[in-house]
Amino acid sequence: MRKKVTTAIFPVAGLGTRFLPATKSIPKEIMTLVDRPLIQYAIDEARAAGITEFIFVTSRGKGALEDYFDHSPQLEDTLRQKGKDELLGKLLDTNMDSGAIAYVRQHKALGLGHAVWCARRLLASDEPFAVMLPDDVIASDTPCLQQMVEAHAETGGNMVAAMEVPDDKVSSYGVLDIKDDMGSVVSVKGMVEKPPLDQAPSNLAVIGRYILTPETMSHLDQMKTGAGGEIQLTDAIAAEINRSENVYGYRFKGQRFDCGSKAGFLQATVAFGLARDDLREEFQNYLSDMMPVRSAAQ
Ligand code: UTP
C-alpha cells in the first residue's frame, strides 16, 4: 500500500524583494489577502489534504510568522468573555497543536532547492512529502493539494502541480517535457527551469505545489547552483526523472494567483474580495464607479 502524504514543507526563507519596502520588516507570507495572511490559505489547503506535520523553512526576520501560529490566551479570553464566538473561532483556527509545527532555518537564501534540503532531517526516510509555496494561492472547489494527493494515491512517485501558460510567460517557470498526456495527469520525461521560449519543451509550467519522494530529496545533497545562481528544486526533480522516470505533472482544477508579484497579489485581492459574501456588494459598487486615484500611488 502506498504511504500517505502527511508532512508538508513550507519554504518561506526568501527575501521577498519584490515587495520591498514592506518586506523589510513583514514576512511576505504574513501579508494579508482580504483578512487572512497568505500563509493561512496554504495551511488550510494542507489540512484539507490530510497534512498533519508542518515544517517551515524560515530565515532571519520571520519571527512574525512563528508568532502567528502561537496560541494567544489573552486575546482568546477577551473574545470569550465578550461572547464574540465567531471571531474566537477564526482565531482558534490559526492555532497549531504543540509539536505539529517545526521550524528550521535557512541561513542564506541559496534557492528553493536548498530551502527544501534544509528540512531533510525532519522527514521520514520512507514517505513522500509535500512542498507548498504560500505565495501561490489557488482558488478551487477542491483544494489543489487535496486534488494532488488523490491523484498521487494512484500514481505514486513525484508529482508537480502544472498549468498551461502563454508563450510570453514560459521563461518565468519550470517547464515540463511531456512523455504521455493522460488528461489531468501527464508523465514527464524532462523538466527545464526558466527556458527561453524557443527551448521550452511545452507550455505546461510548474507552480508551487509538489509531492516528492525521499529519493528526490537525496539528489539535493549533491546539487550545485543552477539557473539564476540558485540551487533549484527543478534540477533535483529532473535528476529523479533520469533515475526513475517516476515524475508526473498534475493539471489542477482551479485558478492560481501569483501573490509573489504585485500584480498577482492585487488580482487575488480583487478576486477574493469579490468572492466574499460580506464584502461583495460594497466592493463591486466601488470597483464599478472607481477612477484611478493618482495621488494614492505616490
Ligand atoms: P521567490 O522566487 O518568490 O523568491 O521564492 P522570494 O525571495 O520569496 O521573493 P522575491 O523574488 O525576492 O520577491 C519562491 C518561494 O521559495 C522560497 C520563498 O520564501 C518563496 O516561498 N525560498 C526561495 C526560500 O525559502 N529560500 C530561498 O533561498 C529562495
*For Gly61, which of the numbered conditions (1) farther than 23 Å from Val137 by Cα; (2) assigned to a loop (DSSP other than H, G, I, E, B) fails to hold?*
(1)
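Using the structure shown, decide if Glu53 is farther than 22 Å from Ala271 by Cβ and open to solvent by 50 Å² or more (accessible area, probe 1.4 Å). Don't jump to the end; show me each part of the working.
Values: farther than 22 Å from Ala271 by Cβ: yes; open to solvent by 50 Å² or more (accessible area, probe 1.4 Å): yes.
Spelling it out, Glu53 is indeed farther than 22 Å from Ala271 by Cβ and open to solvent by 50 Å² or more (accessible area, probe 1.4 Å).
Okay, residues lined up against (1) open to solvent by less than 30 Å² (accessible area, probe 1.4 Å); (2) farther than 28 Å from Leu176 by Cα:
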residue	(1), (2)
Ala236	yes, no
Tyr248	no, no
Ala263	no, no
Tyr286	no, yes
*Consider only pairs whose beta carbons are under 6 Å apart and that are at least six residues apart or on different chains; among these, list those whose first residue lies in the range 47-62 and is farther than 17 Å from Lys108 by Cβ and of a type in the set (Ser, Thr, Tyr) and whose second residue is part of a loop (DSSP other than H, G, I, E, B) and more than 9 Å from the ligand (Cβ to nearest atom).*
Thr52/Thr6
*What tally of residues in the range 31-44 results from selecting those that are among the β-branched types (Val, Ile, Thr), part of a helix (DSSP H, G or I) and more than 12 Å from the ligand (Cβ to nearest atom)?*
1
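Before we move on, is Leu33 within 20 Å of Ile231 (Cβ to Cβ), touching a residue at least 24 places away in the same chain (Cβ under 8 Å) and either surrounded by fewer than 21 Cβ atoms within 10 Å (Cβ to Cβ) or more than 13 Å from the chain's Cα centre (by Cα) (or both)?
no
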*If the Cβ limit is 6 Å and pairs must be 6+ apart or interchain, which residue in the range 6-25 that is more than 14 Å from Thr58 (Cα to Cα) and in a loop (DSSP other than H, G, I, E, B) pairs with which residue that is more than 9 Å from the ligand (Cβ to nearest atom) and open to solvent by 40 Å² or more (accessible area, probe 1.4 Å)?*
Thr6/Thr52; Thr6/Glu53
*Regarding Leu88, is this residue within 16 Å of the ligand (Cβ to nearest atom), under 21 Å from Gln40 (Cα atoms), open to solvent by less than 70 Å² (accessible area, probe 1.4 Å) and not acidic (Asp, Glu)?*
no
*asked:* For the range 115-174, give me every one of the strands (runs of 3 or more DSSP E) that falls completely inside it and has 1 or more residues that are open to solvent by 20 Å² or more (accessible area, probe 1.4 Å) and of a type outside the set (A, V, I, L, M).
replied: 158-164
*asked:* Condition first: within 16 Å of the ligand (Cβ to nearest atom), more than 19 Å from Pro128 (Cα to Cα), buried (at least 16 other Cβ atoms within 10 Å of the Cβ) and in contact (Cβ under 8 Å) with a residue 60 or more places away in the chain. Now tell me which residues in the range 175-225 satisfy that.
replied: Met223
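Out of Arg47, Arg60, Arg2, which single residue is open to solvent by 40 Å² or more (accessible area, probe 1.4 Å) and within 16 Å of the ligand (Cβ to nearest atom)? So that I can check it myself, show each step before the final result.
Numbers: Arg47 fails: within 16 Å of the ligand (Cβ to nearest atom); Arg2 fails: within 16 Å of the ligand (Cβ to nearest atom).
On inspection, the qualifying residue turns out to be Arg60.
Looking at Leu145, Leu122, can you tell me which residue is away from the ligand (no atom under 14 Å from the Cβ) and under 16 Å from the mean Cα position of the chain (by Cα)?
On the way: Leu122 fails: under 16 Å from the mean Cα position of the chain (by Cα).
Going through Leu145, Leu122 in turn, just one is away from the ligand (no atom under 14 Å from the Cβ) and under 16 Å from the mean Cα position of the chain (by Cα): Leu145.
The values are calculated or read from the model by the stated rules, or taken from the named source; none is laboratory data. In this text the structure is predicted, and so the values were computed from the model without any measurement. Here the Cβ is made from the backbone with ideal geometry for all residues, glycine too, and neighbour counts use every protein chain on show. Quick note on the areas: whole protein, heavy atoms, side chains included, nothing else; ligands and nucleic acids left out. Shrake-Rupley method; radii C 1.70, N 1.55, O 1.52, S 1.80 Å.
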